[in-house]
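Worksheet: the structure to be examined is printed underneath.
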Amino acid sequence: MLRGMTWKHRRGIAPLLAATERFGVPIEWDARPLAEFEDTPIADLAAKYDLIAVDHPFVGQAAASGALLALDDVLDPAVLAEQRDGSVGPSFASYTWQGRQWALPMDAAAQVCAYRPDLLPEPPATWPEALELLRSGRVTGMLPANPTHLWSSFLSLCEQRAALTDVPAEGPQGRPGWWPDAGIDDGIGGAALAELRTVLGLVDPASLDANPIRVLDEMTGGDRIGYAPLIFGYVTYARAEHGARRVRFGDAPSATGTPVGTMLGGVGLAISARCQDPAAAARFAAAVVAPEFQAGAYVAAGGQAGHRSAWTDPAVNADAGDFYAATLSTLDRSFLRGRDAGYPPFQRAAGELLHAGIRRGDSDRDILAAIRERWLAR
């Protein structure tokens, strides 16, 4: 019997239970809360579990610690080539580190916008329109802005600001060009932080304590919150079961109305280096990400697909309120965070520095200096 660890949400656990039943590989699944999924070191999980749902910023840490099995050692090259060809944006590449593949993209996500179509028929395409909407009071907005997700929005706004400049598209280790080894470009970071403060001043004050699930629960649990300008997409809330309070998703607003990429999220499926039966685990992982399963039983069970064939499938989109088709342009342009071994603790600290600094009313200069200092010390 293999042991698996995923994250505690229907999107995280239900499709893996469906896969376990379908493919006949005996696996006992545990699930951890979203905050632990975003923060728990991979080595801690790999010591206890054979199959692990992972966040791509942990791949450098996993490679350095030897916690995960390199999948190119146990999977047919044709499986990896098919996954590379079927990637949504850089999802497949996000789990590639130092020339090895450490996970398969079973779930793809990035920051997009969310809205209640009964309260807001069409979401704003540009940031000026989004800010005008929030100021008008025609709809109440909310932003996932706990430390982790405030950091995510800050980085997405850096990418959007950089799109208006001549900063190179790609920098070191797959990071964007505005994030060189010396840290986030001061001009880009300053402009993004100013814009983030503006948005925070126009959305519900509870945003600073919220993660995406809380925001989307607010949107589907009543009629008070109608718009989230930046939020990781969750297909769960776009399904017909939410009835009149079904949420729709669209490309994130941009300066010009043309989609610009935001921060990539999603979930990969990895195998522990201590796995008791790596061949069985590899067969299962390959089956979970296969296009026919992704566009079939995986999404039917409540999963959010990671394979492009599902994202472009008309039937999959019809069942999900066009969730996939309406956000694919943003996903295809999404960017990667750091993935070196020191990045996960840096992200945790940077989010806390940003969050605490905004709450205290610290200057942009002080906040950015503290983040840079922590980056250089990682």
* **Least to most buried among 198, 330 (fewest other Cβ within 10 Å first)** => 198, 330
* Asked: What net charge do the residues around residue 168 carry, taking every other residue with its C-beta under 12 Å from that of residue 168, with Lys and Arg at +1 and Asp and Glu at -1?
  -> -2
* Could you tell me what % of all Cα pairs in region 220-306 have separations over 23 Å? => 46
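Write down Rg/Rh for region 200-240, rounded to two decimals, with Rg from the C-alpha atoms and Rh from the Kirkwood relation over Cα pairs. Before the final figure, lay out each step's value.
Details: Rg = 10.2 Å, Rh = 10.9 Å.
For region 200-240, the value is 0.94.
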* Place +1 on the Cβ of every Lys and Arg and -1 on the Cβ of every Asp and Glu in region 68-215, take the dipole about the Cα centre, and give the residue among 140, 74, 102 whose Cα lies farthest towards its positive end. => 140
* DSSP bridge pairs, the chain: antiparallel proportion in percent, nearest 5 -> 60
* Structure fact -> Of the DSSP H helices in the chain, the ones reaching 27 Å or more along their long axis in Cα terms and averaging at least -1.0 in Kyte-Doolittle hydropathy are none
* Order of 227, 298 - criterion: other Cβ atoms within 10 Å of each residue's Cβ, fewest first -> 227, 298
* Structure fact -> Between residue 32 and residues 5 or more places away or on another chain, the pairs with built amide H atoms under 5 Å apart involve 6, 7, 8
* Using alpha-carbon positions, what is the distance between the centroids of region 94-172 and region 292-352, in Å? -> 13
* Asked: If you build the Cα gyration tensor of the chain and take the root of 5 times each eigenvalue, what three semi-axes come out, in whole angstrom, biggest first?
  -> 32, 25, 18
* Structure fact -> Under Stokes-Einstein, region 1-76 at 25 °C and 0.890 mPa s, with its Kirkwood radius over C-alpha pairs, diffuses with a coefficient in µm²/s of 187
* Ordered by packing density, taken as the mean number of other Cβ atoms within 10 Å over each peptide's residues, highest first, how do 236-246, 107-117 rank? -> 107-117, 236-246
* Asked: When a footprinting reagent is the concern and you count Cβ atoms within 10 Å, what order do 360, 175 take, fewest first?
  -> 360, 175
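Values in this text are rule-based calculations from the coordinates and carry no lab data. Predicted, not measured: the structure shown is a model, and the values here were computed from it. Counting neighbours? That spans all protein chains shown, and the Cβs are built from the backbone with ideal geometry, glycine included.
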